[in-house]
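Right, one structure below, let's go through it.
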Amino acid sequence: MNRNRTIRLVLILSVVFISLTVPASDSFSQRQPNVDARINALLARMTLAEKLGQLQQLDGHADGRFKDDHPEMVRKGQLGSTLNVRGVRNTNELQRIAVEQTRLKIPMIFGFDVIHGYRTIFPIPLGEAATWDPAVVERSAAIAAKEARAAGVHWTFAPMVDIARDARWGRIAEGSGEDPFLGSVMARARVLGFQGSDYSAPDKVVACAKHWVGYGAAEGGRDYNTTDISERTLREVYLPPFKAAVDAGVGTFMSAFNDLNGLPTSANPFTLTEVLRKEWRFDGLVVSDYESVRELINHGLAANEKDAAAAGLNSGVDMEMVSRLYNKHGAELLRERRLSLASIDEAVRRGLRIKFRLGLFETPYADEALESRSIYTPAHLAAARETAARSLVLLKNEGGLLPLNKSLKAIAVIGPLADSQKDVIGSWTGDGKPEDAITLLAGIKTKVSAQTIIKYAKGCEVNDDSTAGFDEAVRIARDSDAVIVAVGESADMSGEAAVRSSLDLPGRQLDLVKAIRATGKPVVVVLMNGRPLSINWVAESVPSILETWFAGTQAGSAIADVLFGDVNPGGKLPVTFPRSVGQVPLYYNHKNTGRPPDANNKYTSKYLDVPWTPLFPFGYGLSYTQFKITNLRLSAPRIRTDGSLTVSAEVENVGQRAGDEVVQLYIRDVAASVTRPVKELKGFQRVTLQPGEKRLVEFKLTSSHLGFYNHVMKFVVEPGEFRIMVGPNSRDLIETKLEVAGR
Ligand code: BGC
């Protein structure tokens, strides 16, 4: 054996040895011990232009192709990343240029918005949050990652973890709703699903926590609008899901569009550097949102492009999405000492770190054979169907109208959303195809008996003024034993730049429901929507309402599973449903005020023209069976400020069918050195119980749950009385007291 071969063999053996002995959960630095040295070696060889090139991300075509100028830019080292370029042919072609035709052979990283599925589309994230089931949410992210990576995508711009308390804001659909605790659990689940413990794996992608930060608090719900958020609210409400993402190992962050307290979030040293880098020790990459560095000019923070580049990079935005100001002005800014080489190097280092962690230097190409095998498989569709069914929330079921009998003689299926493939998959549908989607009508048709006659009428459009279709809808309703009416919003009424000033059913849909209801037939309303809707009349007058969000590729099958009783619904609202848009922002974890609402006292905190209470509270959802939650117990009635305890309660299925209940734990710190919310979710468990079955549910409460930020922004647990509450939603709770004593 010659000497070279011996060395090679030793190297191979030691690589095998390392990969066999290092457990999957070990940190990246342990698995790739020489990454820092490799990055340093690269940095030492890179020209300034090549460094700035690594900080540039450009957009491809919507269909996945790259743009004509990309190959040449890559060849010159001027482009480190793209978004929207996908499909192995496209990514490999561009990658080949990066890896084989550039001086330093640094691979490209391909990003894409894989928000709720790549090709197999799962429910919108708000719907997934309604499962209150992090395991299924993790699984759907894992499936999305597998499909995306197989299509050459390395990086998803998800999870979107913005807390949203304003239903007008269309992007409420993309997140997990209003609560920081639920939002944190879902953030963690999604990051783990996308990345696993090692995102260099061939079925994983690196995740991106967005939009950092406060974007969901846009004034008036108007997208991209200004936010003004106190540091306490920031730390207690908006930051926790991002922290959960960091704790789960998220590789990247995206800086947002909004102005936050006078410093736009894509040039905010407090959030980008103080909190993210210094407090949380995040060592991954921060990418700007689409042109948000250039938008610093519109914000009035930068007078021109050069100022904008300096502000973005100096505040901690490493990579620029689409605008090209770092590249255009970096050299001059460096000469003028408005940028330091150290900060440019640091930004490059963070980007290279992610490329190393993705394994792109070792495995730059995707495998075309894998692409076709990994995408849209029967197993993925089955998971999408199960997840969709778990996301459905039964809002009302008077007289046990649901589930319907599969052998009814005739069923009328009505409504503008009953047979719309493009709407049912929602917004941000990745590479999903409307033609794959199973509509409600299609799902019902395959569910009912061969003898059942299904008649369909659209009735009206989602959002226009015509009632021309009402007569036919009423006619088929009259001829049926039950009517299922699908109403709500079209998919493009929520998502980015899809803001509404009304939360009512758009167009003539309410009139359609009224006309159907007037036939006297049993009516089930199936809602499809990306935000809470103020459906007061429907809630009052229609016996059964099923909230289905936009449930994805398998929506129709999953909804039919629930309507006809093959699946017992167990989802719960991740967001409060107001009675009127005038109540917004409306959220369960509000403060008490000095004058809490009192029906008998005018001078209390309420409205003249609408009750102060929500239409449906946070955490709400019914089942075809009934549950009783009793025997709330604390392992200790008194703990010290650094102590912990177990809270337990019994949940019993007292109805006739197997079903799921989500037992929810809330706390209230009754009196503290700063005022505290009336309720805060601190735990939940979704359990499945057979009829008659009773289960003990336990929650651990520690100082991290009981604490808050005091007037000097120190996280403290204060002695005093706490109320500990459990129940099936945020309103119907049983409670006991906990005393927290000083140390
Ligand atoms: C959105 C981001 C998204 C990006 C890339 C922006 O307009 O705000 O959420 O990741 O576009 O598509």
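Within region 601-667, list the trypsin sites (Lys or Arg not before Pro) lying in a DSSP loop whose Cβ has at most 11 other Cβ atoms in a 10 Å radius.
Values: sites: 602, 606, 628, 633, 638, 640, 657; in loops: 602, 606, 657.
The qualifying sites are 602.
Would you please put 447-453, 647-653 in order of how densely packed they are, using the mean number of other Cβ atoms within 10 angstrom per residue and starting with the highest? Mind showing how you got there, number by number?
On the way: 447-453: 13.9, 647-653: 20.3.
Result, highest mean Cβ count within 10 Å first: 647-653, 447-453.
Using only the Cα atoms of region 536-592, what are the Rg and Dmax in Å?
Rg and Dmax of region 536-592, Cα atoms, are 14.7, 43 Å.
Between residue 225 and residue 304, what's the calculated FRET efficiency when r is the beta-carbon distance and R0 is 25 Å? Round to 0.05.
On the way: r = 24 Å, r/R0 = 0.95.
So the FRET efficiency works out to roughly 0.60.
How much space per residue, in cubic angstrom, does the convex hull of the C-alpha atoms of region 166-241 take up? Display every interim value, and only then the final one.
Details: hull volume 7.4 nm³, N = 76.
Measuring per residue, one finds 97 Å³ for the Cα hull of region 166-241.
Using DSSP to call loops (not H, G, I, E or B), can you name the GluC sites (Glu not before Pro) in region 345-391 whose Cβ has at most 10 other Cβ atoms within 10 angstrom?
Filter output for region 345-391: 362.
With 20 Å bins from zero, work out the P(r) of the chain over every alpha carbon pair and list the percent per bin.
Pair shares across the bins are 17, 47, 30, 5, 0.
Go ahead and collect, in residue order, the members of region 726-743 whose backbone nitrogen is under 14 Å from a label point 7 Å along the Cα-Cβ direction of residue 636.
738-743
Provide the three semi-axes, in whole Å and in decreasing order, of the ellipsoid equivalent to region 242-311 as defined by the square roots of 5 times the Cα gyration tensor eigenvalues. Present the calculation step by step, with values, prior to reporting the outcome.
Values: eigenvalues 110, 26, 19 Å².
Values for region 242-311, descending: 23, 11, 10 Å.
What are the ³J(HN,Hα) values, in whole Hz, obtained from phi via the Karplus relation 6.51 cos²θ - 1.76 cosθ + 1.60 with θ = phi - 60°, for each residue of region 158-164 in sequence order, with x given for Gly and Pro?
7, x, 7, 10, 5, 6, 10
Under the √(5λ) rule applied to the eigenvalues of the Cα gyration tensor, what semi-axes describe the equivalent ellipsoid of region 354-446? Give them in Å, descending. Show your work: numbers first, answer last.
Values: eigenvalues 303, 47, 35 Å².
Whole-Å semi-axes of the equivalent ellipsoid: 39, 15, 13.
Using a 1.4 angstrom probe, figure out how much accessible area region 469-533 has per residue, in square angstrom, rounded to the nearest whole.
Values: 2070 Å² over 65 residues.
That works out to 32 Å² for each residue.
Need one number: nm distance between label points at residue 367 and residue 590, each 7 Å from Cα along Cα→Cβ, rounded to one decimal.
5.5
Just in region 288-369: which trypsin sites (Lys or Arg not before Pro) are loop by DSSP and have at most 14 other Cβ atoms within 10 Å? Kindly include the intermediate steps, with their values, before the conclusion.
Working: sites: 294, 306, 324, 328, 335, 337, 338, 349, 350, 353, 355, 357; in loops: 294, 324, 337, 338.
Filter output for region 288-369: 337.
Any idea what log10 I(q)/I(0) is at q = 0.10, 0.11, 0.16, 0.17 Å⁻¹ for region 541-674, Debye with uniform C-alpha scatterers and no solvent?
-0.54, -0.65, -1.12, -1.17
If you average the alpha carbon positions of region 643-707 and of region 432-486, how far apart do those two centres end up, in angstrom?
Region 643-707 and region 432-486 have Cα centres separated by 40 Å.
At a 1.4 Å probe radius, carbon and sulfur cover how many percent of the accessible area of the chain?
So the carbon and sulfur contribution to the accessible surface is 49 percent.
Place a point 7 Å from the Cα of residue 673 along the Cα-to-Cβ direction; which residues of region 720-743 have their backbone N under 11 Å from it?
Under cut-off, by backbone N: nothing.
Let me have the relative contact order for the chain, percent, based on Cα pairs under 8 Å that are six or more residues apart. Numbers along the way, then the final one.
On the way: 1839 pairs, mean separation 93.0, N = 743.
Across the chain, relative contact order equals 13 percent.
Take the Cα atoms of region 603-743, build their convex hull, and give its volume per residue in Å³.
Numbers: hull volume 17.4 nm³, N = 141.
Dividing the Cα hull volume of region 603-743 by its residue count gives 123 Å³.
Expected output is a single nm value to one decimal: the length gained when fully extending between residue 135 and residue 92, i.e. 0.36 nm times separation in residues minus the C-alpha distance. What is it?
On the way: separation 43, 0.36 × 43 = 15.48 nm, distance 3.31 nm.
Extra length available between residue 135 and residue 92 comes to 12.2 nm.
Over 22 Å between C-alpha atoms is what I'm after, so list which of 409/433; 146/572; 455/514 land there. Please list the in-between numbers first.
Numbers: 409/433 34 Å; 146/572 28 Å; 455/514 19 Å.
Checking Cα-Cα distances, 409/433; 146/572 exceed 22 Å.
How large is the accessible surface per residue of region 109-268, computed with a 1.4 Å probe and reported in Å² as a whole number? Mind dumping the intermediate values first?
Details: 3060 Å² over 160 residues.
Per residue, region 109-268 has 19 Å² of solvent-accessible surface.
Relative to the present Cα-Cα distance, how much length would full extension add between residue 472 and residue 741 at 0.36 nm per residue of separation?
On the way: separation 269, 0.36 × 269 = 96.84 nm, distance 6.83 nm.
Going from the current span to full extension adds 90.0 nm.
Determine the relative contact order of region 458-585: mean sequence separation of Cα pairs under 8 Å and six or more apart, normalised by residue count, in whole percent. Before the final figure, lay out each step's value.
Working: 176 pairs, mean separation 31.8, N = 128.
Answer for region 458-585 is 25 percent.
At 7 Å along the Cα-to-beta-carbon direction for both residue 607 and residue 628, put a label point, then send me their distance in nm to one decimal.
3.7
Evaluate the Debye formula for region 415-494 with equal point scatterers sitting on the alpha carbons, no solvent, and hand back log10 of I(q)/I(0) at q = 0.17, 0.21, 0.23 Å⁻¹, in q order, two decimals.
Scattering profile of region 415-494, log10 relative to I(0): -0.74, -1.02, -1.13.
Quick one: grab the alpha carbon gyration tensor of region 221-347, order the square roots of its eigenvalues as a ≥ b ≥ c, and give me rounded if a/c is under 1.5, else prolate or oblate depending on whether a/b is larger than b/c. Don't skip to the answer; put the middle values down first.
Values: a/c = 1.97, a/b = 1.32, b/c = 1.49.
Verdict is oblate for region 221-347.
The values are calculated or read from the model by the stated rules, or taken from the named source; none is laboratory data. Here the structure is a predicted model, which means the values were calculated and not measured. Every residue, glycine among them, receives a Cβ derived from its backbone with ideal geometry; neighbour counts consider all protein chains shown. Heavy atoms of the whole protein, side chains included, go into the accessibility calculation; ligands, DNA and RNA do not. Shrake-Rupley method; radii C 1.70, N 1.55, O 1.52, S 1.80 Å.
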